[in-house]
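What follows is one structure encoded as structure tokens, with my remarks underneath.
Derivation of every value follows stated rules applied to the coordinates shown; laboratory data play no part. Computed from a predicted model, the values in this text were never measured in an experiment. Note that we place each Cβ from the backbone using ideal geometry, even for glycine, and neighbour counts take in every protein chain shown.
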Amino acid sequence: MPRLARMLLAAVAALLAVPASAAEPVDVELVLAADISLSMSPGELHLQRQGYAKALTDPQVLNAIADGAHGRIAVTYFEWAGQTAQYVVIPWTVIANRADAERVAAQLSAPKPRQSRRTSISGALNFAADLLAESEFRGLRRVIDISGDGPNNEGLAVDVARDAVVAQRIIINGLPVMTASADLMPYDVADLDAYYSECVIGGPGSFVMPVVNWSQFPEALRRKLLLELAGRPLPQPPNRTDSSEPILVLARAEPVYDCSIGEKLWQQDRKRQRIYDP
């Protein structure tokens, strides 16, 4: 074999012998999933983006990140609506200091959210699990943080999707946005916090942080992030009406809620529309 050929073969063998780079260690791999269905107004979508930006740059949140075993977390942010409507706004990014957090916050200012029809929490959970599977990081915990203003009404059953995701040792926490007026849409539910508690969240220490007023949103996100970074949520009384503060609700051991309520309400509304507008 010519000398040059032997040298080329040796170089290829050396390259193949180099081990693949290890995944970067972080304290938490955190997927932030935000609802952009048509039930959200443009103003609410703006407040939602602002709330995430403010929470991620909060001094207490940054201190909690710095106090972790590795002193950094990996974050990705996507917006979702129907079964196939998921849009990554911020790809996997490390936050280890204020400069990192401010870069992420700046990315939330543009582009504008692209709204879509329907509400598929199950689609969002599956998409979030895929993002975690593709992550180049190795977190001590893997968490999906999902916010939304209505029940699942499209795609896979939400509790089936939840169980499949939790089986992958992923924790799901929820932030139900309960800011609608007394005149709910026909396919909404008044007790969205209970729906999230029993049908959406799952995994060790999973919890729900309901929001009943948009002014609460940044503070609820801040508290939620602090609990997720600490990994030690503490129970509080689930009273959502008598306080201006966001309330923590833990998952129940045995769900008693009809997790298909969103799909049923959607179908009922479609039947009503066909009767009155044939």
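What aspartates and glutamates could a cross-link reach from LYS264, if we take a straight Cα to Cα line under 19 Å and drop same-chain neighbours fewer than 8 places away? Straight-distance partners of LYS264: ASP149, GLU154, ASP159, ASP183, ASP188, ASP191, ASP193, GLU198. Each of LEU175, LEU45 was scored by other Cβ atoms within 10 Å of its Cβ. Listed from fewest to most, they are LEU45, LEU175. Add +1 for every Lys or Arg and -1 for every Asp or Glu among the other residues with Cβ under 12 Å from the Cβ of SER37, and state the total. Net charge in that neighbourhood comes out at -3.
What FRET efficiency do you get for VAL94 and ALA157 if R0 is 41 Å and r is their Cβ-Cβ distance, rounded to the nearest 0.05? About 0.75, to the nearest 0.05. In this simple spin-label model, placing a label point 7 Å from the Cα along the Cα-to-Cβ direction at both ASN63 and GLN268 gives a separation of 4.8 nm.
Using Cβ counts within 10 Å as a stand-in for footprinting exposure, how do TRP80, TRP92 rank, fewest first?
Values: TRP80 26, TRP92 20.
Ordered from fewest to most neighbouring Cβ atoms within 10 Å, TRP80, TRP92 come out as TRP92, TRP80.
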